[in-house]
1. Scan segment 8-19 and tell me whether some residue there is of a type in the set (S, T, N, Q), modelled with pLDDT of 85 or more and on the phi > 0 side of the Ramachandran plot.
2. Anything in segment 15-32 that is exposed (fewer than 15 other Cβ atoms within 10 Å of the Cβ), out of contact with any Asp or Glu (no Cβ under 8 Å at 6 or more places or on another chain) and either among the β-branched types (Val, Ile, Thr) or outside any loop (DSSP other than H, G, I, E, B) (or both)? List them, or say none.
3. Before we move on, is Ala55 surrounded by 10 or more Cβ atoms within 10 Å (Cβ to Cβ) and either within 15 Å of Gly2 (Cβ to Cβ) or not aromatic (Phe, Trp, Tyr) (or both)?
4. With Leu49, Leu12, Leu36 as the choices, which residue is out of contact with any helix residue (DSSP H, G or I) (no Cβ under 6 Å at 6 or more places or on another chain), surrounded by 15 or more Cβ atoms within 10 Å (Cβ to Cβ) and either part of a helix (DSSP H, G or I) or of a type in the set (S, T, N, Q) (or both)?
Amino acid sequence: LGESELDRVSMLQTLRELNVDSIPLNFLVPIPGTPLYDEGAGIGAEEALRSIAVARYMLPKKEIRITGGR
């Protein structure tokens, strides 16, 4: 939460080096009236799709699990 694109790429590089089997990408779904919603937390759909695409490019043979939290 609050990481930059560079932070996400760095995380993916580390996961690639560790040769993990599965990568969860968890996206915050801010709910109106909650503290994180009021702070403007979360990323937009375009940035989320870009993150998924970069993960797939960097880890083409690994399972990528897309999850959402609130």
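The values are calculated or read from the model by the stated rules, or taken from the named source; none is laboratory data. On a predicted model such as this, the values are computed, not experimentally measured, just so you know. All Cβ positions, glycine included, derive from the backbone under ideal geometry; neighbour counts span all protein chains shown.
1. Yes, that holds for at least one residue.
2. Arg16, Glu17, Leu18, Val20, Pro24, Asn26, Val29, Ile31
3. yes
4. Leu36
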